[in-house]
Amino acid sequence: MNYSIAIDGPAGAGKSTIAKKLAQKLQYIYVDTGAMYRAMAIYFLDHGILPEDEASIRKACENVRIRIEYEEGAQQVILNDENVTARLRREEVGTMASKTSVYPEVRKKLVELQKELARVQNVIMDGRDIGTCVLPDATLKVYLTASVEARAKRRFDELKGKGETPDIQVIEADIRERDERDMNREVSPLRQAEDAVLVDSSNMTIEEVVECMEGLFHNKIKQR
């Protein structure tokens, strides 16, 4: 029997960080679904495709190949044989990914791959609709959230640490806009699955969140 953990939640809630650390502790495969959408967004950006040009996006999906590899324990995202890992966290890539992930063809292509991975391995996935769409039968589902202010502060600190000069009000506005877009899109909107456990990380450290989720997972295993 394969086990799976689905972590959903809004942008900036720390899903990827938590999922990676939890995967390391449990020795599971971490499937970075957000990175897969971002890799596809890079393809659109590199080919000058506008986010509102659905016809071109639909056609482009046919030419996109994305795979995940591990090099010395670090995840590498490969787009059409090119390693794009270093570009994934750029702001324009995140914005493009959020805007284009609403299109059925984009989601269909990536969801099929994600489901296949979960059928053959123990996995942890994070995203916007993992528990509701990609892994509806996941062993554990968690909806990880945090206040807009807490998420903006984390992003602000991250950018400052890279030597940038961010505006926290702009970051907050972007987060609110992205939340609105993700929660109200027609295809697989962001929402908490009925059987997901709500975890608010606003006042929790990364280690506390990981410990909390590990405990929830082991309790689920015992209940089976």
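Bear in mind that the values in this text are calculations on the coordinates, not laboratory data. Owing to the predicted nature of the structure, the values given are computational and were not obtained by experimental measurement. Glycine also receives a Cβ, built like all others from the backbone with ideal geometry; neighbour counts cover every protein chain displayed.
Some values worked out for this structure:
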item: Percent of beta bridges antiparallel (DSSP, region 4-205, rounded to nearest 5); result: 30 percent
item: Karplus (6.51, -1.76, 1.60) ³J(HN,Hα), θ = phi - 60°, over region 207-214, in Hz, Gly and Pro reported as x; result: 4, 5, 5, 4, 4, 4, 5, 4
item: Members of Lys108/Lys160; Lys115/Lys220; Lys153/Lys222; Lys108/Lys222 lying beyond 26 Å, as alpha-carbon distances in this model show; result: Lys108/Lys160; Lys153/Lys222; Lys108/Lys222
item: Residue among Ala193, Ala86, Ala60 with the largest mean-square fluctuation in a Gaussian network model of the chain, springs linking Cα atoms under 10 Å; result: Ala86
item: Magnitude of the charge dipole, region 4-205, Cβ model with Lys/Arg +1 and Asp/Glu -1, debye to 20; result: 340 debye
item: For the chain, calculated [θ]222 nm from helices alone, where every DSSP H run of n ≥ 4 adds -39500 (n - 2.57); result: -15500 deg cm²/dmol
item: Farthest positive-ward along the chain dipole, Cα basis, beta-carbon charges - from Ile171, Ala193, Tyr37; result: Ala193
item: Qualifying lysines (Cα of each under 24 Å from Cα of Lys109; at least 8 residues distant if same chain); result: Lys15, Lys20, Lys59, Lys99, Lys141
item: Label assignment, semi-axes √(5λ) of the Cα gyration tensor in Å derived from the structure, set [x] 26, 22, 17; [y] 48, 21, 14; [z] 28, 22, 19; result: [x]
